[in-house]
Amino acid sequence: MNWDPHTTLNNALWITGGQWAGKTTVAGILAERYGLTHYHYDYHAAKGHEDRRIAQQVRSGQTPAERDFEAMWIEPTPRQMAEEVRREFAEKFGWVLDDLRGLSTPVPVIADGWGLRPELVLPITSAPERMVVLVPTDEFRLRQAARLPRAARVHAEVSDPALAQRNRLERDRLLAEDAVRSARELGVRVIEVDGSRDAEAMADTLAEHFGPFLPRLLAAVA
């Protein structure tokens with residue numbers, strides 16, 4: 001196929017929402033079922049996008065500084081933390097679009113990640129039906145935080161680890177709440193995740209939602 005910088009964006013499917021809602025797991029199941037290309041936002045944000053952030057600082061004449069974990073997790077309020085993360089989402093979304101424009105694939109890309117906010121995605125997608133917001137209930141978020149090693153604590157040296165974790169959980173709740181508000185304003189479907197359905201069942205629900213955009217032959221086989 002001929003490379004077209006707009007084709008991948010026009011054909012993409014998007015899963016966003018709150019932390020620990022199972023976005024990446026469900027996206028991976030759908031990618032395997034239907035032969036989709038899976039774009040994992042968190043991986044790119046932690047690797048390539050972080051390198052771009054540092055390079056951007058260098059180009060602007062700034063000296064990249066080591067992250068101040070006290071300033072990240074202890075000093076600000078959870079609402080201030082959420083506002084800062086939202087600003088980072090907007091900056092990194094331009095890098096997401098660069099990543100996706102560089103892909104040439106005959107099948108849709110399914111992109112998942114908490115930074116793929118409805119207000120950022122909707123201006124560049126062909127239909128709100130190409131997006132779903134998965135948001136955990138408060139009870140399920142706390143359950144995930146208790147059982148998932150990567151969610152159970154802030155993995156950084158801070159003066160008060162318990163406070164850092166409380167701040168993180170409240171920040172995540174505020175960001176999930178904001179994603180739901182944005183989705184409803186823009187006509188994007190919101191699915192609440194309470195843990196009563198396993199990942200395969202959640203994938204079934206999203207497959208039904210995304211059905212008109214999934215590869216027909218592979219969907220029939222699945």
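The values are calculated or read from the model by the stated rules, or taken from the named source; none is laboratory data. Remember, it's a predicted structure, so these values are computed and weren't measured experimentally. Positions of Cβ are backbone-derived with ideal geometry, glycine not excepted, and every protein chain shown enters the neighbour counts.
Hand me the list of helices (runs of 4 or more DSSP H) wholly inside the range 117-194 holding 1 or more residues that are touching a residue at least 12 places away in the same chain (Cβ under 8 Å) and within 18 Å of F93 (Cβ to Cβ).
118-121, 161-186
Answer yes or no as to whether R147 is surrounded by 14 or more Cβ atoms within 10 Å (Cβ to Cβ) and either over 16 Å from the mean Cα position of the chain (by Cα) or closer than 15 Å to Y39 by Cα (or both).
No.
Looking at A65, A111, A45, can you tell me which residue is modelled with pLDDT under 90 and buried (at least 17 other Cβ atoms within 10 Å of the Cβ)?
That would be A45, the only listed residue that is modelled with pLDDT under 90 and buried (at least 17 other Cβ atoms within 10 Å of the Cβ).
Restricting attention to the range 201-216, does a residue exist that is in contact (Cβ under 8 Å) with a residue 40 or more places away in the chain, within 16 Å of the chain's Cα centre (by Cα) and outside any helix (DSSP H, G or I)?
No, the range 201-216 contains no residue that is in contact (Cβ under 8 Å) with a residue 40 or more places away in the chain, within 16 Å of the chain's Cα centre (by Cα) and outside any helix (DSSP H, G or I).
Quick check: is even one residue across the range 151-160 farther than 27 Å from T37 by Cα and crowded, with 16+ Cβ neighbours inside 10 Å?
yes
Among the residues of the range 94-108, are any touching a residue at least 12 places away in the same chain (Cβ under 8 Å), farther than 12 Å from A12 by Cα and of a type in the set (K, R)?
Scanning the range 94-108, I find no residue that is touching a residue at least 12 places away in the same chain (Cβ under 8 Å), farther than 12 Å from A12 by Cα and of a type in the set (K, R), so the answer is no.
Of the residues E32, E83, E75, which is acidic (D, E) and either in contact with an Asp or Glu (Cβ under 9 Å, 6 or more places away or on another chain) or at pLDDT below 90 (or both)?
Sole residue among the options that is acidic (D, E) and either in contact with an Asp or Glu (Cβ under 9 Å, 6 or more places away or on another chain) or at pLDDT below 90 (or both): E75.
Filtering the range 87-96 down to residues that are out of contact with any helix residue (DSSP H, G or I) (no Cβ under 6 Å at 6 or more places or on another chain) and crowded, with 16+ Cβ neighbours inside 10 Å, which residue is farthest from L214 (Cα to Cα)?
Among those residues, the one meeting the criterion is F89.
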